[in-house]
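A short worksheet on the structure shown next.
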Amino acid sequence: MKLQCQRGWHYSSTLLAPMSQAYYPRLRYATPEEREAYELSAEGIHWESINEDLSFEGFFDTKEFTSLYRFFQANPELNASAVARRLGISQSLFAQYISGRKTPSRERMEQIQEEIQRIGESLLAVSL
(Lines give C-alpha, C1' and ligand atoms only; values in the text may rest on other atoms or scores of the structure.)
Protein backbone atom coordinates (compact mmCIF):
# COMPACT_ATOMS: atom_id res chain seq x y z
CA MET A 1 0.00 0.00 0.00
CA LYS A 2 1.39 3.40 -0.96
CA LEU A 3 0.72 6.31 1.37
CA GLN A 4 0.05 9.62 -0.31
CA CYS A 5 -0.17 12.91 1.46
CA GLN A 6 -1.72 15.93 -0.12
CA ARG A 7 0.05 19.14 0.80
CA GLY A 8 -2.09 21.73 2.41
CA TRP A 9 -1.61 23.30 5.80
CA HIS A 10 -4.56 24.83 7.59
CA TYR A 11 -3.68 26.21 10.99
CA SER A 12 -7.30 25.93 12.04
CA SER A 13 -7.38 22.28 10.99
CA THR A 14 -9.03 19.80 13.30
CA LEU A 15 -5.65 18.19 13.89
CA LEU A 16 -4.29 21.24 15.72
CA ALA A 17 -7.56 22.85 16.79
CA PRO A 18 -7.56 21.25 20.27
CA MET A 19 -4.02 22.44 20.89
CA SER A 20 -3.12 25.88 22.11
CA GLN A 21 -1.58 28.48 19.87
CA ALA A 22 0.74 29.00 22.80
CA TYR A 23 2.37 25.76 21.77
CA TYR A 24 3.10 27.10 18.30
CA PRO A 25 3.76 30.85 18.44
CA ARG A 26 6.00 30.69 15.37
CA LEU A 27 3.15 29.21 13.35
CA ARG A 28 0.68 31.63 14.87
CA TYR A 29 2.68 34.64 13.71
CA ALA A 30 3.92 33.14 10.43
CA THR A 31 2.56 34.39 7.14
CA PRO A 32 0.30 32.05 5.15
CA GLU A 33 3.20 31.54 2.75
CA GLU A 34 5.53 30.54 5.60
CA ARG A 35 2.95 28.08 6.96
CA GLU A 36 2.57 26.55 3.49
CA ALA A 37 6.34 26.02 3.15
CA TYR A 38 6.62 22.86 5.22
CA GLU A 39 8.22 19.46 4.76
CA LEU A 40 6.78 16.14 5.92
CA SER A 41 8.98 13.35 7.24
CA ALA A 42 8.42 10.10 9.07
CA GLU A 43 8.87 12.00 12.35
CA GLY A 44 6.66 15.02 11.73
CA ILE A 45 6.34 18.39 10.07
CA HIS A 46 9.17 20.92 9.63
CA TRP A 47 9.03 24.61 8.64
CA GLU A 48 12.55 25.69 7.67
CA SER A 49 11.86 29.41 7.29
CA ILE A 50 10.42 29.78 10.81
CA ASN A 51 12.53 27.06 12.45
CA GLU A 52 9.56 25.05 13.75
CA ASP A 53 9.21 21.29 14.11
CA LEU A 54 6.17 19.30 15.22
CA SER A 55 6.44 15.59 15.90
CA PHE A 56 3.59 13.28 15.00
CA GLU A 57 4.09 11.61 18.37
CA GLY A 58 3.24 14.88 20.08
CA PHE A 59 -0.16 15.07 18.37
CA PHE A 60 -1.32 12.01 20.27
CA ASP A 61 0.30 12.87 23.58
CA THR A 62 -2.60 13.38 25.98
CA LYS A 63 -1.92 15.37 29.09
CA GLU A 64 -3.61 17.56 31.62
CA PHE A 65 -3.65 21.26 30.76
CA THR A 66 -1.74 23.50 33.16
CA SER A 67 -3.28 26.43 35.00
CA LEU A 68 -1.12 28.73 32.85
CA TYR A 69 -2.45 27.08 29.69
CA ARG A 70 -6.04 27.54 30.87
CA PHE A 71 -5.32 31.16 31.87
CA PHE A 72 -3.89 32.14 28.48
CA GLN A 73 -6.71 30.32 26.67
CA ALA A 74 -9.26 32.24 28.72
CA ASN A 75 -7.40 35.55 28.18
CA PRO A 76 -6.15 35.53 24.58
CA GLU A 77 -5.64 39.30 24.66
CA LEU A 78 -2.62 38.73 26.91
CA ASN A 79 0.57 37.92 25.06
CA ALA A 80 2.56 35.15 26.74
CA SER A 81 5.81 36.36 25.14
CA ALA A 82 5.30 39.84 26.59
CA VAL A 83 4.64 38.37 30.03
CA ALA A 84 7.86 36.35 29.77
CA ARG A 85 9.80 39.49 28.87
CA ARG A 86 8.34 41.32 31.86
CA LEU A 87 9.42 38.41 34.06
CA GLY A 88 12.91 38.44 32.56
CA ILE A 89 12.73 34.81 31.46
CA SER A 90 13.07 33.36 27.99
CA GLN A 91 9.96 33.07 25.87
CA SER A 92 10.86 29.45 25.15
CA LEU A 93 10.99 28.54 28.84
CA PHE A 94 7.70 30.32 29.50
CA ALA A 95 6.06 28.46 26.61
CA GLN A 96 7.27 25.21 28.19
CA TYR A 97 5.67 26.22 31.49
CA ILE A 98 2.42 26.94 29.67
CA SER A 99 2.45 23.67 27.75
CA GLY A 100 3.42 21.61 30.80
CA ARG A 101 6.67 20.38 29.29
CA LYS A 102 8.44 22.00 32.25
CA THR A 103 7.09 22.74 35.71
CA PRO A 104 7.94 26.07 37.35
CA SER A 105 8.97 26.05 41.00
CA ARG A 106 6.48 27.31 43.55
CA GLU A 107 8.47 30.55 43.81
CA ARG A 108 8.47 31.00 40.00
CA MET A 109 4.69 30.43 39.88
CA GLU A 110 4.27 33.11 42.54
CA GLN A 111 6.40 35.50 40.44
CA ILE A 112 4.28 34.72 37.36
CA GLN A 113 1.04 35.27 39.26
CA GLU A 114 2.29 38.54 40.78
CA GLU A 115 3.37 39.83 37.35
CA ILE A 116 0.01 38.98 35.79
CA GLN A 117 -1.72 40.71 38.70
CA ARG A 118 0.48 43.81 38.14
CA ILE A 119 -0.66 43.82 34.51
CA GLY A 120 -4.27 43.68 35.72
CA GLU A 121 -3.70 46.52 38.16
CA SER A 122 -2.12 48.59 35.40
CA LEU A 123 -5.12 47.96 33.16
CA LEU A 124 -7.54 48.89 35.94
CA ALA A 125 -5.71 52.22 36.39
CA VAL A 126 -6.27 53.20 32.75
CA SER A 127 -8.44 56.25 32.28
CA LEU A 128 -9.36 57.08 28.71
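Listing for the model above:
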item: Condition check for LEU78: closer than 24 Å to PRO104 by Cβ, at pLDDT 80 or above, aliphatic (A, V, I, L, M) and over 12 Å from the mean Cα position of the chain (by Cα); result: yes
item: Condition broken by ASN51, with the remaining ones in (1) among the polar types (S, T, N, Q); (2) open to solvent by 90 Å² or more (accessible area, probe 1.4 Å); (3) farther than 27 Å from GLU33 by Cα satisfied; result: (3)
item: Residue list for the range 7-43, filter: open to solvent by 80 Å² or more (accessible area, probe 1.4 Å), modelled with pLDDT of 50 or more and among the basic types (Lys, Arg); result: ARG26, ARG28
item: Check on LEU68, touching a helix residue (DSSP H, G or I) at 6+ places or on another chain (Cβ under 7 Å) and at pLDDT 75 or above; result: yes
item: Some residue of the range 81-101 being open to solvent by less than 60 Å² (accessible area, probe 1.4 Å), under 24 Å from TYR29 (Cβ atoms) and not in a helix (DSSP H, G or I); result: yes
item: Every pair of residues 6+ apart whose Cβ atoms lie under 7 Å, when the first sits in the range 111-127 and is closer than 15 Å to ALA82 by Cα while the second is surrounded by 12 or more Cβ atoms within 10 Å (Cβ to Cβ) and of a type in the set (Val, Ile, Thr); result: GLU115/VAL83; ILE116/VAL83
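The values are calculated or read from the model by the stated rules, or taken from the named source; none is laboratory data. Everything numeric in this text was worked out from a predicted model, so none of it was measured. Positions of Cβ are backbone-derived with ideal geometry, glycine not excepted, and every protein chain shown enters the neighbour counts. We work out accessible area using only protein heavy atoms, side chains counted, and drop any ligands, DNA or RNA first. Shrake-Rupley method; radii C 1.70, N 1.55, O 1.52, S 1.80 Å.
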